[in-house]
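Derivation of every value follows stated rules applied to the coordinates shown; laboratory data play no part. Predicted model, so just to flag it, every value in this text is computed and none were measured. Here Cβ is always computed from backbone atoms with ideal geometry, including for glycine, and neighbour counts include all displayed protein chains.
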Amino acid sequence: MRYTAHDIRSFVLHRDDAVLVLNKPAGLAVHAAHKIEHHLGLYMDDLAFELGEPPRLAHRLDRDTAGCLVMGRTAEAATRLGKLFAGGWVEKTYWAVSEGVPQEPEGTIDHPLLKIQVPGSWTMLTHPDGRPARTDYRVLGTDGNGRAWLELKPRTGRTHQLRVHCAAIGCPLLGEPYYGPERIPPGNLHLLARTIAFRLDKEGPARSATAPPPPHMAEALAACGWEGETFR
């Protein structure tokens, strides 16, 4: 679906003179790509607000992932943010619903990830020759029918890391279009960039934002014990 300027501005979770955090909808790509014509870049001018210049992405989220997306409102802020993300100085917490319950209620998934080319595309897989990748997880609830509500904290930032790691322990994410047992239409992945927290500089104020679960995750989360909150 296409968004109006009012729509895209209503997704803003945090805005100050240097940083903007957007509650990115699931299904909206952050960049144009092959066969992707609807993307966040079409709306950047609508997020300029009083500065008169569009914000710049500090990192990226997969098209099917919803939630906290950080942007710098100036070139200087974007550069600082990029260094924070690259250096692992940003605390990121995700929520997910998995098809399968981890054997342990919490732990660390430590599997190197390797990107390989497949006909017409690419994929990620766990492989000893891959780059180091670690994800902390905690089970927040279950539905009694084989699904789990997970809190995921990536300690590295590999492509599709959370999705591949969950699949690797026998718990592919609900709505997973690539690493699950069947292909699902885009925008149904049950993965939310729930919270983000960082300081732009050592003496500066702490910045944080929390994204509510998108409507397509509500039923599965509620079945696992989530008590609900106001959607945005």
(message) Net charge around Val164, counting only other residues with Cβ within less than 11 Å of its Cβ (Lys, Arg = +1; Asp, Glu = -1)?
(response) +2
(request) May I ask you to derive the relative contact order of the stretch 151-228, considering only C-alpha pairs under 8 Å and at least 6 residues apart, and to give it as an integer percent? (result) 16 percent
(message) Using Cα-Cα distances under 8 Å and only pairs 6 or more residues apart, what relative contact order does the chain have, in percent?
(response) 20 percent
(request) Considering the options Asn23, His127, Pro105, tell which one lies farthest towards the positive end of the dipole of the chain, charges being +1 on Lys and Arg and -1 on Asp and Glu at the Cβ, about the Cα centre. (result) His127
(request) Could you name the lysines whose alpha carbon sits less than 26 Å from that of Lys83, not counting residues in the same chain fewer than 8 places away? (result) Lys24, Lys92, Lys115, Lys153, Lys202
(message) Let me check I've understood the local charge: for Leu113, count other residues with C-beta under 9 angstrom from its C-beta, Lys and Arg +1, Asp and Glu -1. What total comes out?
(response) +3
(request) Just check the stretch 125-177 against the gyration tensor rule for me: Cα atoms, a ≥ b ≥ c as the square roots of the eigenvalues, rounded for a/c under 1.5, and otherwise prolate or oblate depending on whether a/b exceeds b/c. (result) prolate
(message) Rounded to two decimals, what is the ratio between the C-alpha radius of gyration of the chain and 2.2 N^0.38 Å?
(response) 1.00
(request) Under 10 Å from the Cβ of Pro132, count the other residues' Cβ atoms, weight Lys and Arg +1, Asp and Glu -1, and hand me the total. (result) +3
(request) Calculate the length of the line joining the C-alpha centroid of the stretch 128-186 to that of the stretch 4-40, in whole Å. (result) 24 Å
(request) Please give every one of the aspartates and glutamates within straight-line cross-link reach of Lys35, meaning a C-alpha to C-alpha distance under 16 Å, and leave out same-chain neighbours fewer than 8 residues apart. (result) Asp62, Asp64
(message) About the Cα centre, and with charges only on the beta carbon of Lys, Arg (+1) and Asp, Glu (-1), how big is the dipole of the stretch 5-223? Nearest 20 debye, please.
(response) 460 debye
